[in-house]
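What follows is a set of notes on a single structure, which appears directly below.
The values are calculated or read from the model by the stated rules, or taken from the named source; none is laboratory data. None of the values given here were measured: they were computed from a predicted structure. Cβ coordinates were reconstructed from backbone atoms using ideal geometry, including for glycine residues, and neighbour counts include every protein chain displayed.
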Amino acid sequence: MFLKSRNKKLLTILSLSVVVIGGFVFFAFARTWNKTDIEFDIHINEKLIKESTFGESPTFAVWLEDPESKLTQTVFVTNRAGKGDWEGKAAVPVALPKWFQVNEKEKLAEKKLGNEIPREITISGATPKPGYFSTRVRVNPGSKWICWIEVNLAGDFNDTYKEYDIENKTS
């Protein structure tokens with residue numbers, strides 16, 4: 001009798017556990033049903049940053065482009081590039097030349113549609129510190145996108161972008 005009662009309790013607990021676990025699985029599945037995320041996992045190499053002139057993490061932008069319409073959507077842009085705030089320095093559109101062009105087109109498209117979004121909302125955050133960084137965007141299932149990432153590590157002076165311009169006496 002005691003063994004039968006114990007087996008019944010175990011069977012009840014097991015059945016309830018299966019129902020609860022099944023509920024969690026169903027809930028997780030239902031939340032992602034008919035949804036697709038694109039995730040960007042980026043590793044920022046600390047050793048490479050230390051070798052750069054300024055030792056700062058890179059400025060970068062991530063965006064999607066619809067291959068048919070050529071419309072773009074910024075997914076993430078570092079704070080300085082997104083706001084154009086270069087800490088007392090002149091604007092640096094050459095830091096992310098492709099993204100700056102994309103961003104200008106996005107701003108024009110927003111104005112044409114009459115739904116201008118404050119730029120602070122589209123800027124996802126400060127430049128991540130060295131290590132691993134992830135960001136994601138939700139897209140329509142089955143849609144096709146070109147994924148772009150543009151990166152600039154400060155301190156890459158060359159013949160075109162000199163550290164000191166002798167003619168203009170500027171750095």
Quick check: anything in segment 43-53 at pLDDT 80 or above, within 12 Å of VAL151 (Cβ to Cβ), not in a strand (DSSP E or B) and not hydrophobic (A, V, I, L, M, F, W, C)?
yes
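Rundown of residues vs (1) over 29 Å from TRP33 (Cβ atoms); (2) at pLDDT 80 or above, yes/no style:
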site	(1), (2)
LEU64	no, yes
GLU104	yes, yes
ILE121	no, no
PRO141	no, yes
TRP145	no, yes
ALA154	yes, no
ASP165	yes, no
SER171	yes, no
